[in-house]
1. Out of the residues in segment 124-142 that are out of contact with any Leu (no Cβ under 8 Å at 6 or more places or on another chain) and part of a helix (DSSP H, G or I), state the one that is modelled with the highest pLDDT.
2. Among the residues in segment 51-73, are any in contact with a Cys (Cβ under 9 Å, 6 or more places away or on another chain) and either under 24 Å from Glu127 (Cα atoms) or not in a helix (DSSP H, G or I) (or both)?
3. So the check is Cβ under 7 Å with 6+ separation or different chains; which pairs have a first residue in segment 77-105 that's within 22 Å of Pro13 (Cβ to Cβ) and a second one that's surrounded by fewer than 20 Cβ atoms within 10 Å (Cβ to Cβ) and among the β-branched types (Val, Ile, Thr)?
4. Look at segment 92-116 and say how many of its residues are charged (D, E, K, R), surrounded by 10 or more Cβ atoms within 10 Å (Cβ to Cβ) and outside any strand (DSSP E or B).
5. Output yes when any residue across segment 75-89 is charged (D, E, K, R), in a strand (DSSP E or B) and more than 25 Å from Lys131 (Cβ to Cβ), and no when none is.
6. Just the residues that are part of a helix (DSSP H, G or I), within 20 Å of Ala94 (Cβ to Cβ) and out of contact with any helix residue (DSSP H, G or I) (no Cβ under 8 Å at 6 or more places or on another chain), please, taken from segment 30-49.
7. Somewhere in segment 106-114, is a residue under 30 Å from Met1 (Cα atoms) and of a type outside the set (Lys, Arg)?
8. In the set Ile36, Ile61, Ile121, Ile105, which member is modelled with pLDDT of 95 or more and within 12 Å of the chain's Cα centre (by Cα)?
Amino acid sequence: MVKEYAVGFVFTPDLEKILLIHKNRPAWQAGKINGIGGKREPGETPVQCIARETQEETGLIIPETAWILLGSMLSDLAQVHFFGTIFGGDPDDAQTQTDEEIEWIMSQELPKVCIPNLRWIIPFALEKLEKPSESYTLGEFLVHYLTDPSTEQTV
């Protein structure tokens, strides 16, 4: 059976900062930075999962209705649902709740220790949150993002 996860990206209203977490586990993520999130519990919807995980990891209570589904990715091992939201409260309200430190990071200046897929998921989230009615689907964004505009060839 495929495990399901939810990953969320919490942005400040100006979209300049994103709340990310310094991972200690699982082993392949240790020492890297990722979005907030975790494993979906039985009977829980993906959006309920991200709302719960956000509260558990950051102390922020963000209603399910505030989350926008960015897209989902499926592999043989897992299905991951990606969400984005804009947090209008005080960024200092976000406090580390576990042994994994959270940090507000400039959304356009991601550190080298990010999980690699954040380099295209975060720009997609920014676009989706800035212009929800005009943005691409996740698949369309990947084709757009991975195409060299000078040659129109996929890179």
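1. Glu127
2. Checked segment 51-73: no residue is in contact with a Cys (Cβ under 9 Å, 6 or more places away or on another chain) and either under 24 Å from Glu127 (Cα atoms) or not in a helix (DSSP H, G or I) (or both).
3. Phe83/Val47; Phe83/Ile68; Gly84/Ile68; Thr85/Ile68; Phe87/Thr12; Pro91/Thr12; Ile102/Thr96
4. 3
5. No; the residues of segment 75-89 include none that is charged (D, E, K, R), in a strand (DSSP E or B) and more than 25 Å from Lys131 (Cβ to Cβ).
6. Of everything in segment 30-49, just one residue is part of a helix (DSSP H, G or I), within 20 Å of Ala94 (Cβ to Cβ) and out of contact with any helix residue (DSSP H, G or I) (no Cβ under 8 Å at 6 or more places or on another chain), namely Cys49.
7. Looking through segment 106-114, at least one residue is under 30 Å from Met1 (Cα atoms) and of a type outside the set (Lys, Arg).
8. Ile36
The values are calculated or read from the model by the stated rules, or taken from the named source; none is laboratory data. Quantities reported herein were computed from a predicted structural model and do not represent experimental measurements. Quick reminder, even Gly has a Cβ in these numbers, built from the backbone with ideal geometry, and neighbours come from all protein chains shown.
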